[in-house]
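The values are calculated or read from the model by the stated rules, or taken from the named source; none is laboratory data. What you are looking at is a predicted structure, and each value in this text was computed from that prediction instead of being measured. As a convention, Cβ positions derive from the backbone with ideal geometry for all residues, glycine included, and neighbour counts pool all protein chains shown. Side chains are part of the model used for accessible areas, which takes the heavy atoms of the whole protein and leaves out ligands, DNA and RNA. Shrake-Rupley method; radii C 1.70, N 1.55, O 1.52, S 1.80 Å.
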Amino acid sequence: MKIHGWGRYPITDAKILQPKTRVDCVESIKGLETLIPRGLGRSYGDSANSTTALQSTFLNHFIEFNEQSGVLTCEAGVSIRTILELAVPKGWFIPVTPGTGYVTLGGAIASDVHGKNHHINGTFSEHVISFNIILGTGEMCHVSRMNFPDLFIATCGGMGLTGMIISATIQLKKIQSSQITQTTIKANCLEEVCQQFEDNSASTYSVAWIDCLAKGAQLGRSLLMLGEHAQNNVLEMAKSKRFNIPFEMPSGLLNQHSIKCFNSFYYHKASALNKITLPFEPYFYPLDSIRNWNRLYGAGGFVQYQFVLPKAVGLQGLKKILTKIVDSGKGSFLAVLKVFGKSNQNLLSFPIEGYTLALDFKISKETFALLKELDSMVLDMGGRIYLTKDALLSESTFKKIYPNWVEFEQVRSKYGAHGKFSSDQSKRLGLQ
């Protein structure tokens, strides 16, 4: 069948295997030359594309949950949303969550996902106690920071290239309410929103929507949304309706003019300072209420481009990149700015201390040319590009922005991953 990431670009002809047990996984890995583990297909580019994909569909069972300590063990195919359905009514929450609940536990580890609270709680792996992984030899390893520590720091953020995660144990976060108290702050330009991030650095969650078509004095005008878990003892999953995009939209629907109109409306409808309490779903997962929202970009698909710049060059670097995007006319109506705290020890983990911006671009030759320029700018500023959303990064740029790739390859070789675990992305990036 044809498979792709959430951006629907690129597309790969693949054989999909869906093992039902650990034994099935071992047999599949031993019997095949190359493959890539695959969860729900929510990485944006080709990191989970390969001619053979080992999908974790049936590895979706809970194993143990200690309701007093919040320690949860489950199989790698369990989604974040499914975990929340179990944990939230009992007063527990995912400690770090990406922008969708439709990500598997194994995928969250392999991407070492981050959220709106990285400046306080770091990445997902920092709350992983241990995991079980099948190596290229078919051997099962129980991995933690103390047991096979080199394999731990290579697997967390390793894009599924060290082995197939079968199950994991994580520490959940205690909450008194499933609701979020959200404070929205209007910022008239990039300088203002960066200052607001600094002034509100003690907030547990923070994220800003940026109008990336605004020019001049309004460059980077934003809505900063701060969040805290409420204290009202409401512990429930919201019963919200989900809309569906039933087919691909016309390719010209999202253009400079329609995006500009949307951005202007979205910015101006917000109050200067607005505080509300709402269910956690619309704060953390605003697009999960729209099924197949990726169809909005048409049949050709889109790329999501996320980069991080070191704090030392953050504001001026962001201004240069936003100016480049504005001048290109390729602005995105989904432009999200966050602040990262300190980096961790994982070899290919994305976050470094600074500012990170994620944008969507419809596929076109002009987009490819623009992103090549942005890659060069990010590299020159000492930044990084997020592999989970990458579809176009070159081998030479990857090896410069992720200098630990050499050690990563040494760990893969040590544990039998070379020639066994491979994706379209890893081939493009020059990994064995």
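Derived scalar couplings between HN and Hα for the stretch 109-123 equal 6, 4, 8, 6, 4, 10, x, 7, 10, 4, 5, 10, 10, x, 8 Hz in order, rounded to whole Hz, by the Karplus curve 6.51 cos²θ - 1.76 cosθ + 1.60 (θ = phi - 60°), x for Gly and Pro.
Between Met249 and Gln176, residue separation times 0.36 nm minus the direct Cα-Cα distance comes to 22.1 nm. Sparse packing (at most 14 other Cβ atoms within 10 Å of the Cβ) combined with a DSSP loop state is found for the following trypsin sites (Lys or Arg not before Pro) in the stretch 1-52: Lys20. Out of the DSSP beta bridges found with both residues in the chain, what percent are antiparallel (nearest 5)? Antiparallel: roughly 90 percent of the beta bridges in the chain. What does the charge add up to near Gln432, with Lys and Arg as +1, Asp and Glu as -1, over the other residues with Cβ less than 11 Å from its Cβ? That sum, taken over residues with Cβ under 11 Å, equals +2.
For the stretch 368-432 versus the stretch 133-186, the inter-centroid distance based on Cα atoms is 20 Å. Looking at the chain as a GNM with Cα springs under 10 Å, which of Tyr386, Tyr267, Tyr305 has the largest mean-square fluctuation? Looking only at Tyr386, Tyr267, Tyr305, the biggest GNM fluctuation is shown by Tyr267. In whole angstrom, how far apart do the alpha carbon centroids of the stretch 39-81 and the stretch 1-26 sit? Taking the Cα centre of the stretch 1-26 as reference, the centre of the stretch 39-81 is 14 Å away. Fully extending the segment from Met1 to Asp327, taken as 0.36 nm per residue of separation minus the present Cα-Cα distance, adds 113.4 nm. Report note on the peptides 161-171, 370-380, 201-211: ranked by the mean count of other C-beta atoms within 10 Å, highest first, their order is 161-171, 201-211, 370-380.
Can you compute the FRET efficiency between Asp24 and Lys260 using 1/(1 + (r/R0)^6), with r the Cβ-Cβ distance and R0 = 41 Å? Round to the nearest 0.05. Efficiency, from the Cβ-Cβ distance: 0.20. Amide hydrogen proximity for Thr52: with H placed 1.01 Å from N in the peptide plane, the residues at 5 or more positions away or on another chain lying under 5 Å are Lys15, Ile36. Apolar share of the accessible surface for the chain: 53 percent from carbon plus sulfur atoms, 1.4 Å probe. Taking amide H as placed 1.01 Å from N in the peptide plane, Thr277 has its amide H under 5 Å from the amide H of Gln182, each at least 5 places away in sequence or on another chain.
Under the convention that each Lys and Arg Cβ holds +1 and each Asp and Glu Cβ holds -1, the size of the dipole of the stretch 83-175 around its Cα centre is about 360 debye. For the set Ser56, Ser289, solvent exposure ranked by accessible area (probe 1.4 Å, protein chains only) runs largest to smallest as Ser289, Ser56.
Under the rule of at least 5 residues apart or a separate chain, name every residue whose amide H is placed under 5 Å from the amide H of Tyr205. The answer is Gly227.
Relative contact order of the chain: 19 percent, from C-alpha pairs under 8 Å at least 6 residues apart in sequence. Across the stretch 249-350, the mean sequence separation of Cα contacts (distance under 8 Å, 6 or more residues apart), normalised by length, yields a relative contact order of 45 percent.
On full extension, the segment bounded by Lys269 and Asn188 gains 27.8 nm, given 0.36 nm per residue less the C-alpha separation.
A cut-off under 10 angstrom between Cβ atoms defines the neighbours of Asp390, and their net charge, with Lys, Arg +1 and Asp, Glu -1, is 0.
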